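Okay, so here's the structure we're looking at.
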Amino acid sequence: MFRSKRSSHVKRLWKSRLAQHETESSDENNPEELEKKSVTQSILKRLKEKQLEMLIQSVESKGEEHSGCVLLPKGDLRLGRRCVEPHILCLQIWRWSDISESSELRRMPFCETVDDDVYVCCNPYHWSRKSDESESPFLGRSALERVHITDFGQSEMGTDEVVSTETGNTPTPHQLNYSDDSMSSNNGCVRGPHWCTVAYWELRQRVGRLYMVYDPNVNIFQSLPQGDGLSLELLQKEAETDSVKRTRDKIGIGVVLSREDDGVWLYNRSQFPVFVNSPTLENIHSRTLPV
């Protein structure tokens, strides 16, 4: 009897799990692993063939190839003596084995299920893990509220021109209008002022022109066959040092910078940590305004 295409997809996805170094014999001796396998395959079989293919694309490319939402009904799944939400289980299998709560996560800006009351997206690369607040204390609006922008490049802190001490004094004009009405739209309206300016640096040398951001979020990546945003490869010249080459190799699919209702968020999509300097992450008087 021929195995159905759906069954082949389910088997392929299970082989792509984080614990792929475990042998079949070790699975047989591990009741918890057997239970997880049974529950996972059960929920995967609920998916249509197209959704399974999207999940395979996302998992095997580690998020490099953009794929749509993979929807499963909301509601806890029984896994031994504990219960787990469907998207948490998928994340444990394909991204972070130690994830346990939805409070540790934030949905990526391109995920389309934010207002869905019935389904939850189980595409593991439509989720981002929040940084550990004990390692990187996020002061959020409490710090931002102490900074009041009064004019382009001028604030009540007394700086006539806001410049960065870390990036060679790159001027960073601050726009006054941050309302959604000022953003560009698809109906031909003229774009309003940009809310963010991105500069790319290698060592102490700025590379390429400043990149103005008008849309609510922007992808910043090394090079991709598809997708939009800021491709750093287009700005780069031949690397002169090994350290620059190594750093470029680590950028990958990079980061997403997103302006949202509760502030500006940076989503790290690469396989390596990123480091942030920002007035909201430390003493407001210790740095200048640019992030």
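Given the criteria assigned to a loop (DSSP other than H, G, I, E, B) and either open to solvent by less than 30 Å² (accessible area, probe 1.4 Å) or out of contact with any Gly (no Cβ under 9 Å at 6 or more places or on another chain) (or both), does residue 90 qualify?
Answer is no for this residue.
Looking at residue 109, is it at pLDDT below 90, part of a loop (DSSP other than H, G, I, E, B) and not aromatic (Phe, Trp, Tyr)?
no
Return yes when residue 58 is under 22 Å from the mean Cα position of the chain (by Cα), under 19 Å from residue 11 (Cα atoms) and small (Gly, Ala, Ser) and no when it is not.
It is true that residue 58 is under 22 Å from the mean Cα position of the chain (by Cα), under 19 Å from residue 11 (Cα atoms) and small (Gly, Ala, Ser).
Please go through the range 37-85 and pick out each residue that is free of Cβ contacts under 8 Å to residues at least 12 places away in the same chain, on the phi > 0 side of the Ramachandran plot and not small (Gly, Ala, Ser).
Passing the criteria: none in range.
From the residues in the range 112-130 that are in a loop (DSSP other than H, G, I, E, B) and open to solvent by less than 50 Å² (accessible area, probe 1.4 Å), which one is nearest to residue 274 (Cα to Cα)?
123
Looking at the range 200-216, which of its residues are among the aliphatic types (A, V, I, L, M), free of Cβ contacts under 8 Å to residues at least 40 places away in the same chain and open to solvent by less than 40 Å² (accessible area, probe 1.4 Å)? So that I can check it myself, show each step before the final result.
Restricting attention to the range 200-216, the residues satisfying the condition of being among the aliphatic types (A, V, I, L, M) are 203, 207, 210, 212-213.
Next, only the ones that are free of Cβ contacts under 8 Å to residues at least 40 places away in the same chain stay: 207, 212.
If the condition is that a residue be among the aliphatic types (A, V, I, L, M), free of Cβ contacts under 8 Å to residues at least 40 places away in the same chain and open to solvent by less than 40 Å² (accessible area, probe 1.4 Å), then 207 is the only one that fits.
Conditions (1) basic (Lys, Arg); (2) under 14 Å from the mean Cα position of the chain (by Cα); (3) at pLDDT 90 or above, marked per residue:
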{"site": "222", "(1), (2), (3)": "no, no, yes"}
{"site": "225", "(1), (2), (3)": "no, no, no"}
{"site": "228", "(1), (2), (3)": "no, no, no"}
{"site": "246", "(1), (2), (3)": "yes, no, yes"}
{"site": "249", "(1), (2), (3)": "no, no, yes"}
{"site": "258", "(1), (2), (3)": "no, yes, yes"}
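Please enumerate the residues belonging to the range 243-252 that are charged (D, E, K, R), open to solvent by 50 Å² or more (accessible area, probe 1.4 Å) and under 12 Å from residue 202 (Cα atoms).
245, 246 - these are the residues of the range 243-252 that are charged (D, E, K, R), open to solvent by 50 Å² or more (accessible area, probe 1.4 Å) and under 12 Å from residue 202 (Cα atoms).
Hey, residue 80 hits all of (1) open to solvent by less than 70 Å² (accessible area, probe 1.4 Å); (2) closer than 24 Å to residue 8 by Cα but one; which does it fall short on?
Result: residue 80 passes all but (2).
The values are calculated or read from the model by the stated rules, or taken from the named source; none is laboratory data. All values reported here derive from a predicted model rather than from experimental measurement. With ideal geometry, Cβ positions are generated from the backbone for all residues, glycine too; neighbour counts draw on all protein chains shown. Note: areas computed on protein heavy atoms with side chains; ligands, DNA, RNA excluded. Shrake-Rupley method; radii C 1.70, N 1.55, O 1.52, S 1.80 Å.
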